Amino acid sequence: MKFHIYSLTDPRSMQVFYVGQTTNPKDRLNTHIAVAKLPGKDGDGHRVKQRIAEIMQAGFRPSMAILERTQDKTREKHWIRHCLFLGLP
């Protein structure tokens, strides 16, 4: 199975605020946006949900970039550590 490691970027600041993994990037971005429109908290993803909701309320959409396509389902952790090393939230 091919995995896509992706980042979400806030178009207002061009700052990466999330790194994730999916097999279907388009569907995953749409799911992030749909969940952000739902009321209430979303467990551990609450900060991401809140950030996406703020972006949408400002009239924008988060942008998704594919960082890597891989068969290795553990690569997401590498990218998260890399982004933290760079000082990204």
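Tabulated data
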{"item": "Pair Gln15, Ala53: separation of 7 Å Cα→Cβ label points (nm)", "result": "1.9 nm"}
{"item": "Helical contribution to [θ] at 222 nm, DSSP H n ≥ 4, -39,500 (n - 2.57), averaged over the chain, rounded to 500", "result": "-12000 deg cm²/dmol"}
{"item": "P(r) tail fraction, the chain - alpha-carbon pairs more than 21 Å apart, %", "result": "29 percent"}
{"item": "Distance in nm between pseudo-label sites at Phe60 and Thr31 (7 Å out along the Cβ direction from Cα)", "result": "2.5 nm"}
{"item": "Apportionment of accessible area to carbon and sulfur, the chain, percent (1.4 Å)", "result": "53 percent"}
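The values are calculated or read from the model by the stated rules, or taken from the named source; none is laboratory data. This one's a predicted model, so the numbers in the text were calculated from it and none came from an experiment. Every residue, glycine among them, receives a Cβ derived from its backbone with ideal geometry; neighbour counts consider all protein chains shown. All accessible areas refer to the heavy atoms of the entire protein, side chains included, with ligands and DNA or RNA removed. Shrake-Rupley method; radii C 1.70, N 1.55, O 1.52, S 1.80 Å.
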